[in-house]
Structure formats: structure tokens, C-alpha cells
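Accompanying notes for the structure given below.
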């Protein structure tokens, strides 16, 4: 512990950015520039930290009276998700350049707040520390939706808050129960993940504790039927809000499932994994079906997001090498493609003042660059091979069939349902004739600059997915063992 | 060999990507020439590979892809004479179609997009042809599906074309679900996705497992190859530009399903039930395709249904255990059907987008004799009249079915023979109506002048359509079997009992061809044709029943598509927004009422609630800390 606290820096550097952004709040342009530089610097820093020998750990006393420690660890899974978080933070700053004109300082500070709290969730290895980051997560997003959102923002923000806090409360109680039960049984009162893993509590108690943890994570992921806050939140959030919600916040839910809930309660999970698998693949089918009926493009993408997360949940529930690696990879791929689709729908919304699909059509003619990108991300989302999502989907589908044939078969059907709403989206937006006659200008250089790196990532992850799989397979093997 | 395999695959991919990224900044001629040259390069590489290939089967690894647990995907190719023959055919036909398209698409705006997708299509098709790993094959499999979708909807501003593309993509995706399921089963039984290994281990599969796998792959093939029960997308796919129909929806992509089953033939061969199923799907589709083709007035839709029907014959041969015969018919069909389609494209442009054969007639033959002769050669093939390639390949298919013992195969043989009569009948109906007599609705314009090259470039196809029969003359002729010898040694290729049934089959083939011709003469010869009104009434009345493809499309619409759409609305408004959201929010409200927290919550003062939460948390922790000490 003699060297530089790298992980603390990774986690809290965005807060420095937040302070800077607040200070520059009076001059919006300077604030944006500063935020961009800060986010880029943080991205570079995270990448540099990642390039060190993983896993990195930091551990020191925090609340000695409770046995709570300040423990951070970055293994490859945490590292990949952290990198994704700081990457999406950069993108979030860029997409807000024109959209956000009011209270610019506070807005950017909150964006950085989302980043820090999510990084904390990805890196924490002490239950109490984790819970603090977990609960703190909802604060910045609540304000982002509630202040900078669209017409019905207050209701959506309130709903988001209510759902999250409800889940969080049960988990908090379960966490304390776990702490007491574990302490009582071993005499060692601690929140340390490693210690809690080493001696699981009695199977009877595990079921209830798992249920409480699951509730929190299921709301965040979200797992059907606890997903109804998400379409509202997405529809009302500003573009960067949707991006961070889909790309970062949802991932904390599925990540926590794999890092905390499943390993902490192995017996209960072994007994009830099928519930999770059924909810996952059932949710995929259900959400894809509902997505097909949507008229608002952003809501459609939101439901597609629920569907994809259902597949992630299936991969986690099966808990085998292939399905688990696929699930983690899909978290990344989903963040990129769904994030990109949210951004693009947002760009269109900025131009047209509406996201109703019926108000578009024929964009291919007037906005060729936009349409090319849109087609790419939409096809990635539909699982076209050669693009990122395909690899993760195949790992999950082929990897779960043996142990969960029925949920897997249901998820196979998801391939068709996903394609159905994606094609409907494309047909309504890009093809046919313009239904209003309005002509919008094609992408600006700034907008192309936002989408190009996302597109590049989608292609690289489709063609050379081994580059990420090689990394994450090591910690995931340890997790499975 | 590795370099050659790479050189077959890489050029079209390079061409497609270059066009996608920079095409809009390149001069038109550069785009066109680049697209065509990449295919030519692939063709040369394929021919070189064909001549230098030592024989047997060889698996080569081109690149890493991904692997986790039992699932391994790598970009491996499996070279054998079957794959290389197919690759030569695909690149050759594609090259001709690319060159033809340069003229066909003259004056069109979206040429960059067109040639980009065309190149990507050829790349994907070659992946299907060469791939060893099923996931790699699936990359091509989905790739052709996507390109087909994009190209059917090429004229995207017209809604119905986009819809037709959508339909094609979704129906083939339904087949792909079975493909994925089959891969999942393979992963959990054999633990491999390599075709070479699957074929090698096929013997160890139980009959039940082999049947299950075969049926899954058959369903996947039915999607791509437009066979029962998934065939309804192909007639609509004619909304694309005609060269696209020729390349994708006649010569190459639709044969992908049959080709897949050839590659995996050892698996199918384990189960006699699976073989019979393959044969039955093929036989029924072949017959149904004939009936539907007979009812069409649109020249492209006739050809579309004829494709469905001819691919059915390929499956039938395969189900009768004759890989060579199936491949023989596949090759010959590729030549004559692309010829027919490209010829039809010329006709349509000459007649200013007229596609109804009742509005064509003798003036067309007199005005454009070259196109007429080209089309006639293709028609003779389709009708299986000697000495065309189509005659010999159809004969080989009939021979294979005839050679199989059992009632079921005998019934299929009768079906196939009747189908052959009908095929010849609808083909000459088309020829007589399109090239002889007077049109029902006379043209107001002069026939358009086409660039000379557009028809000229089709002659190589015509020569092959006439002469390709020599690659596998029937056994009785004794100079036989070049293709059979080439394919010998590929797992699953069994030569049927030599020539015993060949004579009978060829005779029936001959009789069917001329029988159909005579029927068509009886009904449609210029002098025997009734007045236009009666003719139209007859075509629309009696034969119109077949036009809709025997109502299958309407059935699917009523049973699947419409309920799916309607239920999606109910699920959203009723279940999601109503039931689930209502229940969850109701729960929340109940808790809120039940507690003192109700008021600040209801007024939405979250900040207060946050402070209370933090305070509560702090108090709880303090109490805990105190308790533990």
C-alpha cells in the first residue's frame, strides 16, 4: 500500500471534474470544454490504470468499529466496465454540447457524479462501501432527469427514484442482516466480500437474503416485471441521461448480480436459478414484443434495452463459462449499441422536436450519413454477425442450452422478435417517403465525431471479440469456481 | 491453399467496405469497375484453387474469432471439391451479373449502395460456401440475409419494396432460429461446430439425434432456400432490381440451404426418416411451385416460383441420397435461371417496366431477337428439353428418386414427374405469351434501346446453360460422370446404382418436357389463343386461384403476423402500462399511504426524503456500532 492509490484516483477523479464544472458554471462554453478535457483525461487515466497488472487492489480501515473497510479491487471485469463508464462519460459530455443550455455547470457536475458512483459500484469489494455507492447512484440521475428532462420529467424522475429506493431499502436491510448473521456465526464482524464469500450463511436464510438483493438488482437491471420505470425514465431523460442510464446504470444492476448476489448465496442460487433464467428469457420475449408496438422511437429503444438485458440475465442465471462471458460481453455491447441508438434518436429529436416515428420517413435521402450510422447500430442491436452484439448473444444462447433448454429455446425466438421491431424502426424512420415533408440537415462534424468511435468499437468487438474475452475470462473463471 | 482461400474471400469484402466508406467520393465508373474487378479476382482465385487442390478435405484456419467454454468460433474454411466447385460457380455468375448491372443500373442514383451490397453479398455467400465452423458459416448466412433485405428494398422510397425486404429478412430469420438451435444441440452433444468434425463423428449420433439435427437444419434451409413452409417471401422479393433477383433470389443465395444440407449430408444420412423428410419437403415444394407459377402473369413472379420449384428438385435429389445429382441440378439451374432473370430484366427495360406477359407478344421477338434467343435457351433448360443442361440435370434428379425403394419415394417420383410436365407447361406458356401473338394491351411507346453489352454479356451463361450437361451425362451414355468423379470422396457422396434407372428416367424426363410443350401449344399457341377478353378471364379466373401461392401467404398473415401485431398493442397498453405498472405503482402507493412518509412523498419533495434516508442510515449504523462493542 506504499504506492499511489490508483483505484481511488480512478473512482474520485470525476468528482474533481464536477467541482471544476461547477466553478465554471457561469461561462457555459468554458464549462463544456473543461468537462470534455476532464472526461478525456479520466478516460486516459482509466486506460492507463487498466494496462497495469490486474487485479489492482486497495484496502484500508474505514469504520473500524463496524469492521467496515475501504476495499477497492479492479479485476478485468471491473476494468472493462470502468473503461466503458469513463468512455461513455466523454460521449455524454459531447452529446450535451447543444442540447443543454441551462444550469450547465450543475449538469456537468452531475454527469461526473454518475461516473464516480458507478465506478464505485464496479470497484467496491466491501459490502458497506458498495451499498453507499449503490444508493448514491440514484441521486445524480434523479436530478438529471428531473431538471433537464422533457415535458413529463418530474413524474418520470419520481418514479425512477421510488423504484430505486424501494429496491435499495430491502437490500440495505438484507445487507445488515447478512453482516450480523455472518458475524454471529464466525465471530468476525466484517463487510468484506472475500470474508463473506468464504463462509456463506445458512441456506435457509440465503433464500430471503438473495431475494432482497435480487429485488434491488432486478429493478436496476431491469428485469421484467420490475421494468416499468425504465421506459418513462428514458423517454423523459435528456440524451446524455439516457446514454448513462442504459450504458452505465443498468450495467451496475447486472454486474452486481454477478459480483454480489449470486456468489454470496450459492445454495439459494443453485436452487432458484431457474426463476432468474425464466424471468430473463421471458423478459426478452415480452419486452421485444412490446417494443414492436411503440410509436415513440426512444421508447422503442428503451424496450429493446429491457429485452437485451433479459438476455444478460439469462446468461448470468445459467452461470456457465460461455453464458457468463457472453453476459459480461453483452453488457459492453449493449451499452455501445443502445447508447448509440439513444444518441441518434436524441439528435433527431433536437432537429425535429419530436421522436414520433410516424413523423419521419425517407431520411436515407436527406440524411445519408445519419442513416448509415443508424443502420449499423440498429443491425448490431438485431444481432447481425460481424458486429458486437452477435458474439455475446451467441455465447449466451449456445452456452445456456445444455443446462436450461427451455429458457434458451425461448431466447432463440427472441432473435426473430428483435429483428421484427428493428426492421419496423428502420422502415419507419429511414425508408419510404418523408411523411411531413420537413428536411433536416445531416450530421454535423461534432455528431459524426461522437458516433464514429462508438461504431468503431461495435465493429472491433464483432470482428475481434477475443481481445475482450481473453481479458475477462480469467476473473470469470475464478468467479465460477 | 490458405492464401488462395484468403484471396477468394477478401476481394469482395474489400470492395464492399471501400464502397461503403468512400464510395460517395469516387467517380461512378471507378465504383462500378472496382466492384466488378473484385469479383473477377475472386473468380481467378477460385479457379486456381480448384485446379491446384490436391483432393480430399482440408481445414484451414484464417483468423481467431471467439471461444468460451464449449463454444468455439473461428474463421476456418473447409476446402473440398464440392466447396471449390460451388465457389467457382458463385464467382462466375456473380461476375457476369455485376457487369450486366453496370448497364442495368445506368441512370440510377443509388449505385454506390447497390454495388456495395452486391459485393458484400458475394463475400457473405463465399463465406457460406467455404466455412468450416458453423458460426463462421452463420456469419455469411446472416450476411446474405441482410444484403438481400437491403437490395430488395433498394428503391426504398416505395414503401412496398421495403416491406418486401422486411418480409424476406424476417422469414429467413425464422429459419435461422432452427440454425441456432441446431448449433446449440451440437455444442451439447458433439461439442464441436466444425463441419469436418461433425461429418466425421456423424456415425456416433443416435438416429433420434440425427433426425432432430437434420430437421432443424432442414427448417433453416427452408428459410433461406424458400421451401415449404417458409417459401412465401421469395415471390415478394421480386421487388428488388432484376439483377438482384438473378444473383440472390435465383442463382446463389436460395441454393445456400441445399448446399448446407450437402455439407452436413453425413448427419442427414444417419436417419432414413430425415432423408425422407428432406425428399418430401423438396417434392411438395417442387410441385406447389409449378402450380403457383402457372397462375402468374408477372414475368418475374413466374421465374420466382419456378426457382422455388427447382430448388425443391435439388432437395428432392438430396433426400433421395444423391448429393451429386443435387449439386448437378444446382449448377445447371444457376446458369439457366440467372440467364432467364437477366433476360427478363432486359425485356422489362425494353418494354418500359412492363412485367405482365399478357401485354407482351410477337413484336418483342421481332424487335429484340437477341434477347429472345437468350431467353429461349434458358426456357428450354427450365422445361428440361434436350440437349440442354437442364434436361440432363432434371433427368438425374428423377433417376435418383426412382432408384429409391419404398412407397413414399415412388409417390414422390410421380409427383416429380407431374411437376416436370407442369414446369414445361408454364415455361412455354410464358414463352408463347411473351414472344408470340398480340399483346392484350398494346404498347404506346417504341421498345426502348438497350446498351448492346447488356444482352451480349449473357452469352457465356447461355453457352453453359446449353452445354453444362456434359459435366455429368447419364450412366447409359458411358462417357459419364465428371462431376461425380470430382465429388467422389466427399463424406456422404454415394454413387447411385449405376445407370439401371437412368434410361427410364431420361425417357420420362423427355416425355414430360415435350408433354408440357404440347399442352402449352394447345392453350397458348398464337393461332389457338382466344380473344383478349376471354384470355384474360381465363388467366385470372381458373389459374388465378394459384396466383396467390395457394393462399399460404394469407394464411400466415391471418394466423401469425396480424395477431402478433395486434397483441403487441394489447401487451403494451393493457399489460405493460395497465397491469404491471399499475400493480407495481399500486404497491408503492400502498406503502406510502401506510407510512408517515406519505406526505413528503406525495408532494414530491425528494430532497427531504433523501435527508431522512441519510439520517436514518446514520442512526442505524451508529446503533449497530454501539451494539457490537
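Numbers at a glance
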read-out	value
Residue count, the stretch A:254-288 (criterion: crowded, with 23+ Cβ neighbours inside 10 Å and farther than 22 Å from residue A:333 by Cβ)	5
Filter pass, residue B:314 being surrounded by fewer than 24 Cβ atoms within 10 Å (Cβ to Cβ) and under 18 Å from the mean Cα position of the chain (by Cα)	no
Residue that is nearest to the chain's Cα centre (by Cα), among those in the stretch B:190-200 that are part of a helix (DSSP H, G or I) and in contact (Cβ under 8 Å) with a residue 24 or more places away in the chain	B:195
Residue match in the stretch B:42-58 (condition: at pLDDT 95 or above, in a strand (DSSP E or B) and either touching a strand residue (DSSP E or B) at 6+ places or on another chain (Cβ under 7 Å) or surrounded by fewer than 19 Cβ atoms within 10 Å (Cβ to Cβ) (or both))	no
In the stretch A:179-200, the residues that are touching a residue at least 40 places away in the same chain (Cβ under 8 Å) and closer than 20 Å to residue A:479 by Cα	A:191, A:192, A:193, A:194, A:196, A:197, A:200
Unique residue being away from chain B (no Cβ under 13 Å) and either assigned to a helix (DSSP H, G or I) or at pLDDT 90 or above (or both) when the list is A:166, A:136, A:174	A:174
Test: residue in the stretch B:536-558 that is within 18 Å of residue B:170 (Cβ to Cβ), within 8 Å of another protein chain (Cβ to nearest Cβ) and in contact with a helix residue (DSSP H, G or I) (Cβ under 6 Å, 6 or more places away or on another chain)	no
Residue in the stretch B:373-384 that is in a loop (DSSP other than H, G, I, E, B), on the phi < 0 side of the Ramachandran plot and over 23 Å from the mean Cα position of the chain (by Cα) present	no
Some residue of the stretch B:148-171 being out of contact with any strand residue (DSSP E or B) (no Cβ under 9 Å at 6 or more places or on another chain), closer than 18 Å to residue A:395 by Cα and assigned to a helix (DSSP H, G or I)	no
Test: residue in the stretch A:396-408 that is closer than 26 Å to residue B:143 by Cβ, within 12 Å of another protein chain (Cβ to nearest Cβ) and touching a strand residue (DSSP E or B) at 6+ places or on another chain (Cβ under 8 Å)	yes
Pick from the stretch A:449-466, criterion touching a strand residue (DSSP E or B) at 6+ places or on another chain (Cβ under 9 Å) and part of a helix (DSSP H, G or I), ranking: nearest to the other protein chains (Cβ to nearest Cβ)	A:466
Within the stretch A:320-356, considering residues that are over 14 Å from the mean Cα position of the chain (by Cα) and within 11 Å of chain B (Cβ to nearest Cβ), the one surrounded by the fewest Cβ atoms within 10 Å (Cβ to Cβ)	A:321
Unique residue being assigned to a helix (DSSP H, G or I), modelled with pLDDT of 95 or more and facing another protein chain (nearest Cβ under 9 Å) when the list is A:415, A:375	A:375
Checklist (1) closer than 28 Å to residue B:518 by Cα; (2) assigned to a helix (DSSP H, G or I) applied to residue B:460, failing item	(1)
Conditions (1) under 24 Å from residue A:441 (Cα atoms); (2) buried (at least 21 other Cβ atoms within 10 Å of the Cβ); (3) within 10 Å of another protein chain (Cβ to nearest Cβ): number failed by residue A:369	(2)
Helices (runs of 4 or more DSSP H) enclosed by the stretch B:279-367 - at least 1 residues per element that are farther than 16 Å from residue B:257 by Cβ and modelled with pLDDT of 95 or more	B:299-319, B:323-350
In the stretch B:24-76, the residues that are within 14 Å of another protein chain (Cβ to nearest Cβ) and on the phi > 0 side of the Ramachandran plot	B:69
In the stretch B:1-41, residue surrounded by the fewest Cβ atoms within 10 Å (Cβ to Cβ) [restricted to those that are in contact with a strand residue (DSSP E or B) (Cβ under 7 Å, 6 or more places away or on another chain) and in a helix (DSSP H, G or I)]	B:2
Candidate set: the stretch B:130-142, residues that are assigned to a helix (DSSP H, G or I) and more than 7 Å from chain A (Cβ to nearest Cβ); chosen: the one farthest from residue B:242 (Cα to Cα)	B:134
Failed criterion for residue B:127 (all others in (1) in contact (Cβ under 8 Å) with a residue 12 or more places away in the chain; (2) within 11 Å of chain A (Cβ to nearest Cβ); (3) within 20 Å of the chain's Cα centre (by Cα); (4) closer than 21 Å to residue B:235 by Cβ hold)	(4)
Some residue of the stretch B:172-186 being assigned to a helix (DSSP H, G or I), in contact with a strand residue (DSSP E or B) (Cβ under 6 Å, 6 or more places away or on another chain) and at negative phi	no
Selection count, the stretch A:385-395, where residues are within 7 Å of chain B (Cβ to nearest Cβ) and assigned to a helix (DSSP H, G or I)	3
Any chance residue A:142 is away from chain B (no Cβ under 11 Å), closer than 16 Å to residue A:118 by Cβ and surrounded by fewer than 23 Cβ atoms within 10 Å (Cβ to Cβ)	no
Unique residue being within 31 Å of the chain's Cα centre (by Cα) and farther than 22 Å from residue B:356 by Cβ when the list is B:571, B:552, B:543, B:519	B:552
Tally, over the stretch A:48-75, of residues that are touching a residue at least 12 places away in the same chain (Cβ under 8 Å), away from every other protein chain (no Cβ under 14 Å) and not in a loop (DSSP other than H, G, I, E, B)	13
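Residues checked against (1) more than 13 Å from chain B (Cβ to nearest Cβ); (2) in a loop (DSSP other than H, G, I, E, B); (3) closer than 30 Å to residue A:39 by Cα:
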position	(1), (2), (3)
A:208	yes, no, no
A:214	yes, no, no
A:219	no, no, yes
A:240	yes, no, yes
A:251	yes, no, yes
A:260	yes, no, yes
A:272	yes, no, no
A:275	yes, no, no
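The values are calculated or read from the model by the stated rules, or taken from the named source; none is laboratory data. What you see is a predicted model, and the numbers here were worked out from it, not measured in a lab. A quick note on method: Cβ atoms are made from the backbone with ideal geometry, for glycine too, and the neighbour counts reach across all protein chains shown.
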